[in-house]
Amino acid sequence: MTAWLDGTENPDHDFSPYFEESQFSMLVAFIQRGIVDRSPYIDDDKSVKGDATHGESLFNSVCARCHGADGKNINFGDAAEPEYVGTVASDNPWEALHKGSFGQPGTHMPAGLNFGWTLQDIADLIAYLQTLPTK
């Protein structure tokens, strides 16, 4: 499907000046799986219907390389108001589910769906992330 985005199929539809190669994969994953109903995975009170033990295994196998064992290697906020993966998962689990599924645009964060993870796997990951430090 990336051939429709990088000009291979149609030179008039070459978006490669605007995206890195890895971002094409994230975009394709998003297009193929589209917007999903997240209510089977996250309740209105921000609780996640997931298995944190399985999520920890996923985190340690992929995410800890960049985010660190405690999820605090990358601060999305600043020194005064730090924001880590645990913060995002606790404050906005819908955002965490989306980023875990499709990656983070403009970064090298991979899309979990490209690993073959299911949305339930990603919900399990978010359940684990909610146990990590928020500050």
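Coordinate-derived values only; no laboratory data. Treat the numbers as computed from the prediction; the structure is a model and nothing was measured. Please note: Cβ atoms are built from the backbone with ideal geometry, for glycine as well, and neighbour counts cover all protein chains shown.
Here are some notes:
- The angle separating the long axis of helix 93-102 from the principal Cα axis of greatest extent in the chain is about 40 degrees.
- Length-normalised contact order for the chain - Cα pairs under 8 Å, 6+ apart - percent: 30 percent
- Values of log10 I(q)/I(0) for the chain across q = 0.16, 0.18, 0.19, 0.22 Å⁻¹ run -0.81, -0.97, -1.04, -1.28, by the Debye formula with one identical scatterer at each alpha carbon and no solvent.
- Assigned charges on the beta-carbon of Lys, Arg, Asp, Glu; the chain dipole about Cα centre (debye): 320 debye
- Angle in degrees between helix 119-129 and the longest Cα principal axis of the chain, rounded to the nearest 10: 40 degrees
- Alpha-carbon centroid distance for the pair region 1-55 / region 67-135, whole angstrom: 15 Å
- Estimated at 0.36 nm per residue, the fully extended path between residue 64 and residue 10 surpasses their Cα-Cα distance by 15.6 nm.
- Charges were assigned to the Cβ only: +1 to each Lys and Arg, -1 to each Asp and Glu. The resulting dipole of region 72-135 about its Cα centre is roughly 120 debye.
- Helix-derived mean residue ellipticity, 222 nm - over the chain, DSSP H n ≥ 4, -39500 (n - 2.57), to 500: -10500 deg cm²/dmol
- Sorted ascending by nearby beta carbons within 10 Å, beginning with the fewest, 41, 84, 18 become 18, 41, 84.
- Estimated D of region 49-94 in µm² per second, where Rh is the Kirkwood radius over Cα pairs and Stokes-Einstein applies at 10 °C, 1.306 mPa s: 141 µm²/s
- Gaussian network model of the chain, springs between alpha carbon atoms under 10 Å - residue of 23, 32, 120 with greatest fluctuation: 32
- Most mobile of 28, 62, 36 in a GNM of the chain (Cα contacts under 10 Å): 36
- Taking 0.36 nm per residue of sequence separation and removing the Cα-Cα distance, the residue 79/residue 22 pair yields an extension gain of 17.5 nm.
- Helix 21-33 axis, angle to the chain major axis (alpha carbon atoms, nearest 10°): 80 degrees
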